[in-house]
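Below is one structure, written out as structure tokens; the observations come after it.
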Amino acid sequence: MLFTISAAEGHARAGTLLTEHGPVATPTYMPVGTFGPVRLLDVEELREAGAPLVLANAFHVHSTVGADRVEKLGGLARFTGWRGPTLTDSGGYQVSYMWHSGNHSMEAGGRGQKTCSPIEKITDQGARVRNLTTGERYLLSPEYAMEIQARIGADIVMAFDQPTFDTDSLEDARRSLRRTHDWLARSHAHWRQLKQTGIAKEWQTLFPIIQGGRFRELRRESAAICIDLDPPGIAIAGESIGIDPDVSARTLEMVRDLIPVDKPLYAMGLGGGPEGFFKAVSRGVDLFDNTSPTRLGRCGYALLSPEAGGTPENHFRLALKKGRYQDDESPLDPGCACKTCRNYSRAYLRYLLKLKDPVGMRLVSFHNIYYMCHLGRLIREAIASRTLARLQAAWIGPA
């Protein structure tokens, strides 16, 4: 994988990430296909929307179709029909979240009450998983997480980690971070073995993940450990990245001066919609994902540009199910060139959504993905022309 930077404005940069399955122009948003496919959308629609790469969750893919089957069928890009660049998350966040939300202890030993969660316990060795469909039990260790991702065949894979939750005390956060760094060392060592044996392809690449929650000293410690591995790229994650754009910005500020400028920075699950996008890009983020564009679409919320009434106060959203739109013949966003805005009125889309017709959910989801990918293009063009500050001010106000 090769990352080149073609233009910069402040800490923001426009570049290209070259992968085995094609180039990725950065900074960019990537749609999320948790189980492989992006909910309600086919791959032609993803291409039409301008999606540069697609994210899948290796834990969920393995729990459903199985990593061996995906490998047998040509890898994730071929299996899904996408045939473009892909990235997989290891599932570290998902297993920790399911364990955490089930009121389990996050301490070493992992004892807790029995629930219907597929995660039976988490220890220093990994997560003990029970497949709720087949009943199979296995240890999702850092080593196994790397093998699953190698076989799934994504261009970019993530180290196995345990996130720090924002409600954690400093002591609990330190404990989680120690485990994350131990798992990172094991992930990195096993990835090298998988490369040597040919299970992981030469063109596949591993990113470490900066954790540490809301604590600056832990974030900087984690960043230093990740950087010491000299990886091709670096990710940053945790609740303080995924919820509020201002909190995300503060978290990125904690480590920005440590991140090498020649390495792409991936903000995992970045929240805040357009506001979060701008604030992350201005702090050096090159890649980010979030499920909200399709989730909002399924719930009847369309994303709006400033020209169509989108603001930070309304979160750039239009609540289509409201009665005021039942006779509205205008498109979702008059300035949007997507097929939804070219062909359908707000009134018709509201009608479909009130019927709970999947077509309505699909059309709004498509618009939202198109919107985020188009915003990425606008940001890249602005960086190239050194007008990002002006574009950001027009969308969310001055920095």
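The values are calculated or read from the model by the stated rules, or taken from the named source; none is laboratory data. Keep in mind the model is a prediction, meaning the values are calculated, not measured. Note: ideal-geometry Cβ built from the backbone for every residue, glycine included; neighbour counts use all protein chains shown.
The residue that is farthest from V70 (Cα to Cα), counting only those in the stretch 164-181 that are part of a helix (DSSP H, G or I) and among the polar types (S, T, N, Q), is S176. Here S345 clears all of (1) in contact (Cβ under 8 Å) with a residue 24 or more places away in the chain; (2) out of contact with any Phe, Trp or Tyr (no Cβ under 7 Å at 6 or more places or on another chain); (3) surrounded by 13 or more Cβ atoms within 10 Å (Cβ to Cβ); (4) small (G, A, S) except the condition numbered (1).
Within 19 Å of E48 (Cα to Cα) and part of a loop (DSSP other than H, G, I, E, B) - does that describe any residue in the stretch 343-352? Within the stretch 343-352 (the criterion being within 19 Å of E48 (Cα to Cα) and part of a loop (DSSP other than H, G, I, E, B)), the answer is yes, since at least one residue qualifies. Remark: pairs (first residue in the stretch 356-385, within 17 Å of G335 (Cβ to Cβ); second residue among the small types (G, A, S) and in a helix (DSSP H, G or I); Cβ separation under 6 Å; 6+ apart in sequence or on different chains) = V364/G297; N368/G297; I369/A49; Y370/A49; C373/A49. Is it true that some residue in the stretch 94-104 is closer than 24 Å to L184 by Cα, at pLDDT below 95, over 19 Å from the mean Cα position of the chain (by Cα) and in a strand (DSSP E or B)? No: the stretch 94-104 contains no residue that is closer than 24 Å to L184 by Cα, at pLDDT below 95, over 19 Å from the mean Cα position of the chain (by Cα) and in a strand (DSSP E or B). Within the stretch 207-218, the residues that satisfy the criterion of being over 23 Å from I152 (Cα atoms) and either out of contact with any helix residue (DSSP H, G or I) (no Cβ under 6 Å at 6 or more places or on another chain) or surrounded by 16 or more Cβ atoms within 10 Å (Cβ to Cβ) (or both) are I210, Q211, G212, G213, R214, F215, E217, L218. Those strands (runs of 3 or more DSSP E) of the stretch 1-55 in which at least 3 residues are out of contact with any Phe, Trp or Tyr (no Cβ under 8 Å at 6 or more places or on another chain) and farther than 16 Å from Y266 by Cβ, considering only elements entirely within it, cover 2-9.
Just so you know, in the stretch 222-235 the residues that are over 24 Å from H21 (Cα atoms) and either under 23 Å from the mean Cα position of the chain (by Cα) or of a type in the set (F, W, Y) (or both) include one that is surrounded by the most Cβ atoms within 10 Å (Cβ to Cβ), and it is S222. Looking at G198, is it over 21 Å from S101 (Cβ atoms), in contact with a Leu (Cβ under 6 Å, 6 or more places away or on another chain) and small (G, A, S)? For G198, the condition - over 21 Å from S101 (Cβ atoms), in contact with a Leu (Cβ under 6 Å, 6 or more places away or on another chain) and small (G, A, S) - is not met. Scanning the stretch 106-127 for residues that are out of contact with any strand residue (DSSP E or B) (no Cβ under 9 Å at 6 or more places or on another chain) and modelled with pLDDT under 85 yields E107, Q113, T115, C116.
Go through the stretch 182-206 and give me each residue that's in a helix (DSSP H, G or I) and surrounded by 18 or more Cβ atoms within 10 Å (Cβ to Cβ). Hits for the stretch 182-206 are W183, L184, R186, S187, H190, W191, L194.
All told, F288 falls short of being crowded, with 22+ Cβ neighbours inside 10 Å and on the phi > 0 side of the Ramachandran plot.
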